[in-house]
Each structure stands twice: as C-alpha cells, then as structure tokens.
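*Asks:* Mind looking over this structure? Questions follow.
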Amino acid sequence: MKNTIHLMMLVTAFVLAGCAKTPDDTGKTVLKVATWDSVRLMPVLQDMAKSFEKTHPNLVVKFRRIPYGEYMDRLTASQPASLEPDVLLVSTGQTAELVARGMVAPIPNAEPYQGGTHPAGYDPDLVNYFSYNAQLFALPRDLAPVCLIYYNKALFDLARLPYPAPDWDWNQFLKTARALSAPPDARHKKRVWGFVEDWSMVEPWVYELGGRWVSRKTNSSQYAMTSKGLLAGIRFQDDLIHKEMVAPSPQDFIAEGQIGGADLFLQGQAAMFMSGPWKGAEFRERSGLNWGVVLLPRSPKGVRAFQMGGSGWGCMTTSEHPQEALELLKFLSSGEAQEQYARAGIALPALRELWKKSGEWNNPALTVAARALAVGQAVEDPWACNWQDVRENRINPILERVWNGELSVEKSVEEIDQVMKENPLNMTPPARKPPPQNRPAMFLF
C-alpha cells in the first residue's frame, strides 16, 4: 500500500511538472537547457541567460546541470517531452549516439554561420565532427585538446632544472622526468614521480608516431590503426613505468591511496602532469601551487599530435519551442558567449578569431592550447556509437595489464588487433540503463 501511494505521488509530480505554468505565472516561454558543465562555469551560463532574457523579454532560460557520467542515461530515459530540455550541451563523445537515436535536430541554414554545414569562423574539424550526412547537429562551443604538460615550478627549482622549453622533444622530456623522480628522503617526505597523466592515455604517444584509430579525421567507420604505430606508442608509455620508473603503475596509485594523477600533482608528488586546458582553471585556484604549462613534447620525428575533443550546443527534436531554442543556441555559440567562457578561464573557444585574444584570458593553459592547434595535429576519436565501449571496456583492460606488468607490449598489440576485428565500428546506439527507482526525476525543470 505504501509503495502504491508513493508511486501515485511520483506520477502526480510528473504530471504537474509537465502541465505547470512558467515561473510566477508570467506567461513567458521557458527554455530548458541541459548541461554537464563544471560548477565553475555555471555562474557564467547564468549571466548569459540574463543577457539573453533582456533581448528576448518573453523567454525565460533555465539550466539543469547533470554529471557527465549520468547525462546520457538521463537523456535517453523515458519521460514526458515537457520535462526534457530544449537545448543541450553535446560532447564529441556523445554526438554519434544522439544523432543515431534521432534526439538532436539538424540545424537549419541561418546566422551566425553562412550556410551549408561549415559555420564561418568555427574550427572546421569540430564542425565536421558535429555533422553527419551533410547535416549539422550542434554549433561548436569549445575545443578540448589533450595537449598540455603542467609542471610544478617548486619541484623544478628544488632540482635546479630549467622549466620545459616550448619546442622540447621526447628525449628532453625523458631526461627531465628522470631528474625529477625521487624516492622519499630529506627533501621529499613522499615519493615524487617525474610524470603522471590525468587518466591512462596512450593516444598522444601513438599519434605522434603516426598511428591513428581511423584513417579519416571524422565520421569514419573503419579502423586504420597499424601494429607498428600502436606498438611503439605503447612501448614508450610502458618504458616510462617499468624501465625508467618515472611514472606510477596502477599498483602505485593504489599504494598512494587510490588517488589520481591530478591529486599527485596537487600534493607535490608529481612534477609533470598531462591533461587539457580545463585543468588550468582548477590549478589557478590553488594558492599554494606554483605551476607552469607547456605543449606536449614533439616526437623524434618532430611531430606534435594529440587527442582532440570538444563540445557544442544542440536542439532536442522533442522541443516544444524549436524556433526559440534555435535563437538561444545561436546566442550560446556566439562570439560574445565564447569570449565569456574564455575570459572565465575555463574553455578554449571554437571560434578561431578569438584565439588572437588568448593572452587576455585568465588561464595560461588556454593560451598554450591555442598555440598547440596552430603547430600540432589534432586527432578526433572515431565517429561511432560503440567506440567508447570498445575503448573503455575492451582496449583499456588490455593496456591495464601492460601497465601492471602482466602482459608484454607485443602481446597487447595482438589482443587489441583482435578486439578491433571482433568489434567493428557501428552506429547502433548502446543499451542504456534507466536511473535508479529512488531517483525518478530526470530533469524536472
């Protein structure tokens, strides 16, 4: 009986939410926006909403922040259209599935882009990634290149080492990591690693040696990774762990209390840290951390290549206010909005014209990342619904065994080759689990 009453209350809540009038019964149209943005960016988005409402007095903008890990499960859960967002933030890793499910609407030819599928001024690779079958499904907002090495200046000073030079290479990187790695002693209360990563990533090393998961930059459905490029990249990272002993293994992370690479860097236990420009926004808030940032080192062949992601704004096909949603989408993707993201020090604009102002942004990591896109090769992930599953649940466990010393580099490449043969890239949306029953409200704007 109690469960029945509880269920009736939930159903009533959903119905009331779907039929509810706009705030304060003003009669204004509410535009609902879903985002997985960081807490740091929410005040910027709220300010943008106020600016938009001033020029659109009959509209009200409401944001709903959902953690990235829950975002797709909530979007795909069955719910009334009145509870779903009108506009949503889309990452490159989510685009294929959202398009395959028919959840994002094609954007018609209108300003701020100049027709076709190539908006004027936006990074063309990101535009291509948000396009499918000659239709554009999201307007680019920001770029997320994994191209930076953050370094702890205090540890460099203690070791009397010069800070990394902008044009350094793998040999210089390795020599620096060796010199900075240190066991606990009179100077270091805990072990200091020369180098750590934000997450386990072999792509930068593989890409700089010419390897690619797919041959085309975007919308490719065929693997193209060669054993040669993959082997050398995995070996370089494996050597950092087991031969040079300048980077921690998975067991070492467990021994440190199961913390991540960013935590080791923040605690002064890692001299260099690889990630993207968004980390600079976090590091600048740490008053006791004296850090710098530089591009990833170039390969022995002189190549700089790195993994590229990004985000954009799209419109839900279920939106009850598609024209108004398009107006908001254009505003959130405009040069004015993108400059606000950058000035907040959080996101690298997708509009290339704004890169000229990178020196004014409150985050040196954004300035260095903008330079990386001018001198390096940005490589996007394969465009397929099942790629994340293949990478995270099939390839990653193989690499984990390498980093743990359980599997040889040569054998790992054989196993990865077999995984790619058994799991061809496809556009079949993955099965999604509904949110827990004790959390029935998906968006409830």
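The values are calculated or read from the model by the stated rules, or taken from the named source; none is laboratory data. No experiment lies behind these values; they were computed from the predicted model shown. Neighbour counts run over all protein chains shown; Cβ positions are idealised from the backbone, glycine included.
Residue-by-condition table, conditions (1) in a helix (DSSP H, G or I); (2) of a type outside the set (Ser, Thr, Tyr); (3) surrounded by 12 or more Cβ atoms within 10 Å (Cβ to Cβ); (4) at pLDDT 90 or above:
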position	(1), (2), (3), (4)
ILE5	yes, yes, no, no
MET9	yes, yes, no, no
ARG40	yes, yes, yes, no
LEU45	yes, yes, yes, yes
VAL61	no, yes, yes, yes
TYR71	yes, no, yes, yes
PRO85	no, yes, yes, yes
VAL90	no, yes, yes, yes
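*Asks:* With modelled with pLDDT of 95 or more, in the same structural domain as SER181 (by TED's automatic domain parsing) and not in a helix (DSSP H, G or I) as the only criterion, which of GLY292, GLY288 stands out?
*Replies:* GLY292
*Asks:* Just give me the residues in region 223-245 being part of a loop (DSSP other than H, G, I, E, B) and within 17 Å of VAL192 (Cα to Cα), in sequence order.
*Replies:* GLU244, MET245 - these are the residues of region 223-245 that are part of a loop (DSSP other than H, G, I, E, B) and within 17 Å of VAL192 (Cα to Cα).
*Asks:* Let me ask something additional. Considering (1) surrounded by 24 or more Cβ atoms within 10 Å (Cβ to Cβ); (2) at pLDDT 95 or above; (3) touching a Pro at 6+ places or on another chain (Cβ under 7 Å), say which one TRP313 fails and leave the rest.
*Replies:* Just one mismatch for TRP313, condition (3).
*Asks:* Which helices (runs of 4 or more DSSP H) does region 373-434 wholly contain that include 3 or more residues that are at pLDDT 95 or above and out of contact with any Leu (no Cβ under 7 Å at 6 or more places or on another chain)?
*Replies:* The helices (runs of 4 or more DSSP H) meeting that bar are 396-403, 409-422.
*Asks:* For the structure I just gave you, tell me whether LEU143 is modelled with pLDDT of 90 or more and within 20 Å of the chain's Cα centre (by Cα).
*Replies:* So LEU143 passes the test.
*Asks:* Of the conditions (1) buried (at least 20 other Cβ atoms within 10 Å of the Cβ); (2) at pLDDT below 90; (3) out of contact with any helix residue (DSSP H, G or I) (no Cβ under 9 Å at 6 or more places or on another chain), LEU329 clears all except one; give me its number.
*Replies:* Condition (2) is where LEU329 drops out.
*Asks:* Hey, another quick one. Quick check on this structure: which one of ASN363, ASN393 is polar (S, T, N, Q) and in the same structural domain as ASP167 (by TED's automatic domain parsing)?
*Replies:* Testing whether each residue is polar (S, T, N, Q) and in the same structural domain as ASP167 (by TED's automatic domain parsing) leaves just ASN393.
*Asks:* Kindly list the number of the only condition in (1) at pLDDT 85 or above; (2) within 34 Å of the chain's Cα centre (by Cα); (3) surrounded by 11 or more Cβ atoms within 10 Å (Cβ to Cβ) that fails for LYS50.
*Replies:* Among (1) at pLDDT 85 or above; (2) within 34 Å of the chain's Cα centre (by Cα); (3) surrounded by 11 or more Cβ atoms within 10 Å (Cβ to Cβ), LYS50 violates only (3).
*Asks:* Residue pairs, Cβ under 8 Å, 6 or more apart or interchain, first in region 268-283 and over 19 Å from ALA177 (Cβ atoms), second among the β-branched types (Val, Ile, Thr) and outside any strand (DSSP E or B). List them.
*Replies:* Matching pairs, first to second residue: PRO277/VAL368; TRP278/ILE346; ALA281/ILE346.
*Asks:* Restricting to region 53-68, give me the number of residues that are over 26 Å from the mean Cα position of the chain (by Cα) and among the hydroxyl-bearing types (Ser, Thr, Tyr).
*Replies:* Of the residues in that region, 1 qualify.
One line per residue, one yes/no per condition, for (1) of a type in the set (Gly, Ala, Ser); (2) surrounded by 15 or more Cβ atoms within 10 Å (Cβ to Cβ); (3) touching a Lys or Arg at 6+ places or on another chain (Cβ under 6 Å); (4) within 24 Å of PHE273 (Cβ to Cβ):
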site: GLY229; (1), (2), (3), (4): yes, yes, no, no
site: GLN237; (1), (2), (3), (4): no, yes, no, yes
site: PRO248; (1), (2), (3), (4): no, yes, no, yes
site: ALA255; (1), (2), (3), (4): yes, no, no, yes
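*Asks:* Any idea how many residues of region 323-345 are among the small types (Gly, Ala, Ser), part of a helix (DSSP H, G or I) and under 13 Å from ASP47 (Cα atoms)?
*Replies:* Of the residues in region 323-345, 1 are among the small types (Gly, Ala, Ser), part of a helix (DSSP H, G or I) and under 13 Å from ASP47 (Cα atoms).
*Asks:* Can you pull out the residues in region 190-204 that are charged (D, E, K, R) and either crowded, with 18+ Cβ neighbours inside 10 Å or within 14 Å of the chain's Cα centre (by Cα) (or both)?
*Replies:* Answer for region 190-204, where residues must be charged (D, E, K, R) and either crowded, with 18+ Cβ neighbours inside 10 Å or within 14 Å of the chain's Cα centre (by Cα) (or both): GLU197, ASP198, GLU203.
*Asks:* Same structure, new question: Every residue in region 346-372 that is part of a helix (DSSP H, G or I) and modelled with pLDDT of 90 or more, please.
*Replies:* Hits for region 346-372 are PRO364, ALA365, LEU366, THR367, VAL368, ALA369, ALA370, ARG371, ALA372.
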